[in-house]
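Peer 1: One structure coming up, written as structure tokens, with questions to follow.
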Protein chains: 2
Amino acid sequence: MTSSSSVGECLVPESRIQQVKLLNASDDAYGGVTVDMKEPMDSDDFRSLLRASISQWRQQGKKGIWIKLPIEHVNLVEPAVKEGFWYHHAEPSYLMLVYWIPETPHTIPANASHRVGIGAFVMNHKGEVLVVQEIHGKFKGTGVWKLPTGVVDEGEDLCDAAIREVKEETGIETEFVEILAFRQSHKSFFGKSDLLFICMLRPLSFDIQKQNSEIETAQWMLAEDYAAQPFVQNHMQFNSIAKLCLAKKDNHYTGFSAVPTTTGFSAKKSYLYSNIQGVEL
Amino acid sequence: MTSSSSVGECLVPESRIQQVKLLNASDDAYGGVTVDMKEPMDSDDFRSLLRASISQWRQQGKKGIWIKLPIEHVNLVEPAVKEGFWYHHAEPSYLMLVYWIPETPHTIPANASHRVGIGAFVMNHKGEVLVVQEIHGKFKGTGVWKLPTGVVDEGEDLCDAAIREVKEETGIETEFVEILAFRQSHKSFFGKSDLLFICMLRPLSFDIQKQNSEIETAQWMLAEDYAAQPFVQNHMQFNSIAKLCLAKKDNHYTGFSAVPTTTGFSAKKSYLYSNIQGVEL
């Protein structure tokens, strides 16, 4: 991939001018580059190009080198790793690899670290709370009535996730009231950490229609009966959450409301969750 | 890999007894299996074994098939993908692939979806707040004094992360008081969502010693002066957070405290963050 060339009337030594093919890369804001491999390539060709490119990036003082490989180009994973790349993160459709050129310890940011879930406290005007029994998972066959729970999707607001899960599991329509509390735990899922937000919702419909294959059954249950279940009484976290729910029922608890806001630079719409008593935002 | 065999005195047809080599797999709690490839293997051998194993798992009615491939065994990524596996998640040292045997839509849980960060509101007895200017990132060169922020590590409690970041950025020792608010935003980092928790901390030392290469400078600044900065005034999220900090300074705000608890089944220690006024947990 090296060719000699003359420029104007000068004879330029071969070592001075090189037409080296390199991988297409775009600069990032942290002194690194990203290669997005959209087209297929032979593994050996890729490895040669990658070597030449790294050499060039080193000369340019680049730091972190990112390669995004769509799963169709899985043949390029092995050559990248052989050139010193390691895995950063993966999604079903692609693998992101990364390499650090400087001699100093890398400052590559970590991958997403938390799964986020919601538990929904839905109480009707009779002081009854919406509870379910699950078909799968740890609660299977225990007879424990529990709050509907679910995983927050990437890109989904907590308040929307709570409404969606309740609808999916019980058919009940709701509106978001506030976050009562949240719990952080660790090593819950492939070593990741976990945040569970307890959301209070107000029901807008009352006829339960179990719609979800994960749910064995659902019902309205007096909040006091929910809290009095032996399992709830005997498990600290469940007991604490039940106490918060009862306190909320009796109007002596204030959680965090969802206040629409915009984030700093990009002015993206998002929610700030905070106590709104005694402060005007 | 098929061999005929006789058992006792019966002649058993070849099709009835097969000694098929299969991949070692352990059952999971959801009707699936996990293969943890700890030893190296030839790519072609792996592909044959994988095919035979999938056939066996199908007969056994298995659903989700997980393969954990350490980065040393990168040669096995391509054969797995060619057999229909896709990427689930990756960490620097391994890639997790997954396959769904039934004809029905898969119920494979999603990867971690959120990055989690903290912003630290540290106020001394003079009503001054600890602020920094950053060397890199979006605030570089803006002259804006901002609260110390940082990423929560996998496995790290929010309250500990806040204390660690303040110590790393300014040398100030602190203790956790409460979570004032949190903000969820989306598409912030490789498409992942982002949760930022604003933590109030009480300083236990007062002499700033900038220790972190990410920080240009740090100082104590009157909370009112922090809030009055044009950048803070003009950006909704920053303005709201500053108002909460001022309300907290004037003792008319209640956030969420960190209440030690244990999670449901495993009794792991964790924190429940909630308002503790008017409720005994």
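The values are calculated or read from the model by the stated rules, or taken from the named source; none is laboratory data. Computed from a predicted structure; not experimentally measured. Note that each Cβ is placed from the backbone with ideal geometry, even for glycine, and that neighbours are counted across all protein chains shown. Ligands, DNA and RNA are stripped out before the accessible areas are found, and what is left, the full protein with its side chains, is counted by its heavy atoms. Shrake-Rupley method; radii C 1.70, N 1.55, O 1.52, S 1.80 Å.
Peer 1: Under a 1.4 angstrom probe, counting protein chains only, how are B:154, B:39, A:216, B:83 ranked by accessible area, largest first?
Peer 2: The residues order as B:39, A:216, B:154, B:83, largest area first.
Peer 1: Same structure again: Do you know the relative contact order of chain A, to the nearest whole percent, from alpha carbon pairs under 8 angstrom that are 6+ apart? Can you show the working numbers first?
Peer 2: On the way: 488 pairs, mean separation 35.9, N = 281.
In percent, rounded to a whole number, it is 13.
Peer 1: For residue B:153, go 7 angstrom from Cα along the Cα-to-Cβ vector, then report the distances to that same point in the other copies in nm, smallest first.
Peer 2: Reported distances to equivalent positions: 3.4 nm.
Peer 1: Per-residue HN-Hα couplings for region A:157-166, Karplus 6.51 cos²θ - 1.76 cosθ + 1.60 at θ = phi - 60°, whole Hz, x for Gly and Pro?
Peer 2: 6, 3, 5, 6, 4, 5, 4, 4, 5, 5
Peer 1: Just the accessible area per residue of chain B, please: how many Å² with a 1.4 Å probe?
Peer 2: Details: 13340 Å² over 281 residues.
So chain B comes to 47 Å² accessible per residue, rounded to a whole number.
Peer 1: Here is a follow-up. With the cut-off at 1.5 for a/c, could you classify the protein assembly as shown from its C-alpha gyration tensor as rounded, prolate or oblate? Write down the numbers at each step before the final one.
Peer 2: Values: a/c = 2.42, a/b = 1.12, b/c = 2.15.
It is oblate, given that a/c is not under 1.5 and a/b is not larger than b/c.
Peer 1: Something else: Which of B:198, A:152, B:84 sits farthest toward the positive end of the charge dipole of the protein assembly as shown, with +1 on the Cβ of Lys and Arg and -1 on the Cβ of Asp and Glu?
Peer 2: In the protein assembly as shown, that residue is B:198.
Peer 1: Which distances, in nm and shortest first, link the residue B:171 label point to the same label point in every other copy, taking 7 Å along Cα→Cβ?
Peer 2: Relative to the other copies, residue B:171 has label-point distances of 6.6 nm.
Peer 1: Shortest first and in nm to one decimal, what separations exist between residue A:225 and its copies in the other chains, measuring from label points 7 Å along the Cα-to-beta-carbon line?
Peer 2: 6.2
Peer 1: Looking at the square roots a ≥ b ≥ c of the eigenvalues of the Cα gyration tensor of chain A, which shape do they give, rounded for a/c under 1.5, prolate if a/b is larger than b/c, or oblate?
Peer 2: On the way: a/c = 3.49, a/b = 2.66, b/c = 1.31.
Prolate.
Peer 1: Turning to a different aspect of this structure: At a 1.4 Å probe radius, which order do B:205, A:26 fall into by accessible area, largest first? Don't jump to the answer; show the numbers that get you there.
Peer 2: Numbers: B:205 30, A:26 65 Å².
Most to least solvent-accessible, the answer reads A:26, B:205.
Peer 1: How large a share of the accessible area of region B:110-218, in percent, is made up of carbon and sulfur atoms when the probe is 1.4 Å and the other protein chains stay in place?
Peer 2: Working: 1930 of 4110 Å².
C and S fraction of accessible area: 47 percent.
Peer 1: Right, another one. Can you give me the long-range amide H partners of residue A:177? Hydrogens built in the peptide plane at 1.01 Å from N, cutoff under 5 Å, separation of 5 or more residues or another chain.
Peer 2: Under 5 Å from the amide H of residue A:177: A:200, A:201, A:202.
Peer 1: To continue, here is another question. With a point put 7 Å past each Cα toward its Cβ, work out how far residue A:209 is from residue A:39 in nm, to one decimal.
Peer 2: Placing both labels 7 Å along Cα→Cβ, they lie 5.3 nm apart.
Peer 1: On to the next question. Whole-Hz Karplus ³J(HN,Hα) for region B:202-207, in order, using 6.51 cos²θ - 1.76 cosθ + 1.60 and θ = phi - 60°, x for Gly and Pro?
Peer 2: Karplus-based 3J(HN,Hα) across region B:202-207 equals 9, x, 10, 9, 10, 7 Hz.
Peer 1: Can I ask one more? Given a Förster radius of 30 Å and the C-beta distance between residue A:233 and residue B:107 as r, what FRET efficiency does 1/(1 + (r/R0)^6) yield to the nearest 0.05? Could you put the intermediate results ahead of the total?
Peer 2: Details: r = 32 Å, r/R0 = 1.06.
With a Förster radius of 30 Å, E is 0.40.
Peer 1: Step through the table entries A:269/B:167; A:140/A:210; A:62/A:268; A:68/B:68, compare each Cα-Cα distance with 22 Å, and write down the pairs that go over it.
Peer 2: Check vs 22 Å cut-off fails for A:269/B:167; A:62/A:268.
Peer 1: A further question follows. Give the accessible area for residue B:86 in Å² (nearest 10); use a 1.4 Å probe, count only protein heavy atoms, and leave out ligands, DNA and RNA.
Peer 2: Surface open to solvent at residue B:86 totals about 50 Å².
Peer 1: Continuing with this model, one more query. Roughly how much of residue A:51 is accessible, in Å² to the nearest 10, using a 1.4 Å probe?
Peer 2: Result for residue A:51: roughly 130 Å² accessible.
Peer 1: Please say if region B:195-258 is rounded, prolate or oblate, where rounded means a/c under 1.5 for a ≥ b ≥ c the square roots of the C-alpha gyration tensor eigenvalues, and otherwise the choice is prolate for a/b larger than b/c and oblate otherwise? Can you show the working numbers first?
Peer 2: Numbers: a/c = 1.61, a/b = 1.22, b/c = 1.32.
Since a/c reaches 1.5 but b/c is at least a/b, the shape of region B:195-258 is classed as oblate.
Peer 1: Which of B:261, B:104, B:149 moves the most in a Gaussian network model of chain B with Cα springs under 10 Å?
Peer 2: B:104
Peer 1: Right, here's the next one. Pairs to check: A:146/B:248; A:63/B:243; A:138/A:248. Give those whose C-alpha atoms are more than 32 Å from each other in this structure.
Peer 2: A:146/B:248; A:63/B:243
Peer 1: Something else: As a test of the definition: with a 1.4 Å probe, what buried accessible area, both sides summed, do you compute for B against A, in Å² to the nearest 100?
Peer 2: 7500 Å²
Peer 1: OK, next. Which residue fluctuates most in the GNM of chain B (Cα springs below 10 Å): B:206, B:182, B:190?
Peer 2: B:190
Peer 1: What do you reckon, how do B:271, B:99, A:30, A:253 stack up by accessible area (1.4 Å probe), largest on top? Intermediate values should be presented prior to the final figure.
Peer 2: Values: B:271 65, B:99 40, A:30 155, A:253 10 Å².
Ranking B:271, B:99, A:30, A:253 by accessible area, largest first, yields A:30, B:271, B:99, A:253.
Peer 1: Next question. Using helices alone, I'd like the mean residue ellipticity at 222 nm for chain A: each DSSP H run of four-plus residues gives -39500 (n - 2.57), total over residue count, nearest 500. Display every interim value, and only then the final one.
Peer 2: Details: 6 runs with 61 residues, N = 281.
Taken over chain A, the calculation gives -6500 deg cm²/dmol.
Peer 1: Now, a different point. If you take each beta carbon of peptide A:80-90 and count the beta carbons of other chains within 10 angstrom, what is the mean?
Peer 2: Values: counts 1, 7, 2, 0, 0, 2, 7, 13, 4, 11, 10.
Per residue, the average neighbour count from other chains is 5.
Peer 1: In addition: Got a sec to turn the phi values of region A:95-111 into Karplus ³J(HN,Hα) couplings, 6.51 cos²θ - 1.76 cosθ + 1.60 with θ = phi - 60°, whole Hz, x for Gly and Pro?
Peer 2: Karplus-based 3J(HN,Hα) across region A:95-111 equals 10, 9, 10, 9, 9, 10, 7, x, 6, 6, x, 6, 10, 5, x, 6, 5 Hz.
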